[in-house]
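Here is the structure we will look at.
We did not get these values from a lab; they are worked out from the coordinates using the rules stated. Every value quoted in this text rests on a predicted model; they were computed, and no experiment measured them. Positions of Cβ are generated from backbone atoms using ideal geometry, with glycine treated the same way; all protein chains shown enter the neighbour counts.
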Amino acid sequence: SRPRKVSLRLHPYGEGRILLLSRDVTQVEQAETMRRDFVANVSHEIRTPLTVLSGFIETLQNLDLPLEERRRYLQTMAQQAQRMQTLVSDLLTLSRLEGSPLPGASEWTEVGQLLAQCEQEAKAVAVSLNKQLEIRFTAAPAAAISGAAVELTSAMSNLVTNAVRYTPSGEAIDIAADVLPDGRFQFCVRDTGPGIAAEHLPRLTERFYRVDRSRSRETGGTGLGLAIVKHVVQRHGGELKIESMVGVGSTFCILLPATRVRPLAITPAGSAA
Ligand code: ADP
């Protein structure tokens, strides 16, 4: 185990006596370091697009620039502004997830509906990145899931869009949803992307942790996606499992407890429900 840090304080305590107060501050210090790192990261992530924007604003003040050049600069500026918007929206999502209790478990959503939204999002991201990908879905189990549907969809979509972003054009992504024999719900996304070395896996869900900074940026990543997924899954009492091999690909699975899964009666075609 890691060495612990203890703070010791001496207090005068009556006639010639001294009281020694000791307090374990390991966790307090860790939390403080994490907070400082987080602020530094956010500042850095905001400063980069801002620098680009200010540079282009200065350039555009030259009124002699040809129209075509102006148009190109404006396009880059719009991209950078978009990047800041995505970052801020991910930050707000995270802070909402950290600060609020999970709304009552009364909301039930059909698995098919959750998957349909993921599919739409995956296709939209593939188009925006100009990628030809085969996205294969296995049939949805006839079940409903309880929890915050918006959060669950966003967690599932995050895994799917990561797969789209990190898989080379021309390859395939497999998405499977199952109810396991023990009643738990499992949602897995398998890709044939670059894979992730084992040493990175434990840190992957940390805010702003990226294996390859430039690749993440190029494809519009904020470095917050998996942190959001982890929070959502934990709030729902589930877990996130990651398996990956460099050069082969990665599989990300969300598991939700059986208490959140309700099988739906399958009605034979044509009969009344
Ligand atoms: P980002 O916005 O950078 O993708 P995430 O939190 O979603 O942030 O992911 C953290 C890091 O994990 C990424 O920067 C990337 O290095 C790695 N990663 C996530 N998903 C995949 C994947 N499907 N294949 C390979 N690497 C991945």
Starting from the Kirkwood Rh over alpha-carbon pairs, what translational D in µm² s⁻¹ does segment 22-63 have by Stokes-Einstein at 4 °C and 1.567 mPa s?
100 µm²/s
Debye intensity ratio in log₁₀ form over the Cα atoms of the chain, taken at each q of 0.07, 0.15, 0.16 Å⁻¹
-0.37, -1.19, -1.29
Solvent-free Debye scattering, log10 I(q)/I(0), computed from the Cα coordinates of segment 147-224 at q = 0.13, 0.16 Å⁻¹:
-0.48, -0.72
Which Cα, out of Val127, Gln117, Ala149, lies furthest along the positive dipole direction of the chain (beta carbon charges, K/R +1, D/E -1)?
Ala149
Please report Rg (one decimal) and Dmax (integer) in Å for the Cα set of segment 97-176.
14.1, 43
Per the helix-only calculation at 222 nm, which mean residue ellipticity applies to the chain, given -39500 (n - 2.57) for every DSSP H run of n ≥ 4 and division by its residues, nearest 500 deg cm²/dmol?
-15500 deg cm²/dmol
Restricting to lysines and to Cα separations under 30 Å from Lys241, and discarding same-chain partners fewer than 8 apart, the set is Lys123, Lys131, Lys230
What percentages, rounded to whole numbers, describe P(r) for segment 1-115 computed over all alpha carbon pairs with 5 Å bin width beginning at zero?
2, 8, 9, 10, 10, 9, 9, 10, 8, 7, 6, 4, 3, 2, 1, 1, 0, 0
Long-range HN-HN contacts of Ala143 with modeled amide H, under 5 Å:
Val111, Gly112, Leu264
Quick one: order Asp191, Asp24 by neighbouring beta-carbon count within 10 Å, fewest to most.
Asp24, Asp191
Using the alpha-carbon centroid of each, what span in Å lies between segment 1-50 and segment 147-192?
39 Å
Unit charges on C-beta of K, R, D, E only; dipole of segment 131-178, Debye:
140 debye
Given charges at beta-carbon only (K, R positive; D, E negative), |dipole| of segment 38-85 in Debye
160 debye
Dividing the alpha-carbon radius of gyration of segment 130-273 by 2.2 N^0.38 Å (N being the number of residues), what value is obtained?
1.12
Let me see the pair-distance distribution of segment 45-185: every alpha carbon pair, 5 Å bin width, integer percents in order.
2, 8, 13, 14, 14, 14, 12, 8, 6, 4, 3, 2, 1, 0
